[in-house]
Amino acid sequence: MERMMRQAIVALASGVLFGMGLALSGMTDPVRVRAFLDVTGAWDPTLAFVMWGALLPMGFAWMIVRRRTRPVVAEAFHLPATSPIDARLISGAALFGTGWGLAGLCPGPALAALAIAPGPALVFVLFMMIGFGLFRLLPTAR
């Protein structure tokens, strides 16, 4: 029970930290995201600095993780297997990118935006959930 409580606390703290970072960086503002994606128009490079700024702490995190034999609050690391680039991956990436460009939100920032601008974010999250449901109806990859 104590381990589950520690895992829940770490998950909650990580989620709050992630959401605060998204909100403070402007990633939850669809107008700013669309301006970042508009490289041929009124491009706003602000989010490029956010993305580049994330590389440094992530690099340190990977250096630390590679030296550990197990995670802090779990018995073992559970890393996903590498899979080849195929039509399913490319079409999924294209759909994701199109949705991100049209809405100015992607799943993480959309969930964080529920606390800041619930109206537009709620519409996005609702349709995101419908998309998740439709995906589950597709045949599985072989």
- [ ] Inspect all residues belonging to region 11-29 and state whether any of them is modelled with pLDDT of 85 or more and more than 20 Å from the chain's Cα centre (by Cα).
- [x] no
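Taking the stated definitions as given, is residue 16 assigned to a helix (DSSP H, G or I), within 29 Å of residue 116 (Cβ to Cβ) and touching a residue at least 40 places away in the same chain (Cβ under 8 Å)? Quick ask: steps written out before the conclusion?
Values: assigned to a helix (DSSP H, G or I): yes; within 29 Å of residue 116 (Cβ to Cβ): yes; touching a residue at least 40 places away in the same chain (Cβ under 8 Å): no.
Here the answer is no, as residue 16 does not meet what is asked.
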- [ ] Kindly check whether there is at least one residue in region 27-34 that is hydroxyl-bearing (Ser, Thr, Tyr), assigned to a helix (DSSP H, G or I) and within 25 Å of residue 128 (Cα to Cα).
- [x] no
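Does residue 42 fit the bill of being outside any helix (DSSP H, G or I), without any contact (Cβ under 8 Å) to a residue 12 or more places away in the chain and among the small types (Gly, Ala, Ser)? Let's see the steps before the verdict.
Details: outside any helix (DSSP H, G or I): yes; without any contact (Cβ under 8 Å) to a residue 12 or more places away in the chain: yes; among the small types (Gly, Ala, Ser): yes.
Spelling it out, residue 42 is indeed outside any helix (DSSP H, G or I), without any contact (Cβ under 8 Å) to a residue 12 or more places away in the chain and among the small types (Gly, Ala, Ser).
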Open item on the list: So residue 8 ticks every box in (1) outside any loop (DSSP other than H, G, I, E, B); (2) exposed (fewer than 10 other Cβ atoms within 10 Å of the Cβ) but one. Which box is left unticked?
Closed with: (2)
- [ ] Could you look through region 116-130, keep only residues that are loosely packed, with under 13 Cβ neighbours inside 10 Å and modelled with pLDDT of 85 or more, and pick out the one that is farthest from residue 15 (Cα to Cα)?
- [x] 130
Open item on the list: Take the residues in region 58-115 that are surrounded by fewer than 14 Cβ atoms within 10 Å (Cβ to Cβ) and of a type in the set (Phe, Trp, Tyr); name whichever of them is farthest from residue 1 (Cα to Cα).
Closed with: 96
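The values are calculated or read from the model by the stated rules, or taken from the named source; none is laboratory data. What you see is a predicted model, and the numbers here were worked out from it, not measured in a lab. Don't worry about glycine lacking a Cβ; one is built from the backbone with ideal geometry, like all the others, and counts go over all protein chains shown.
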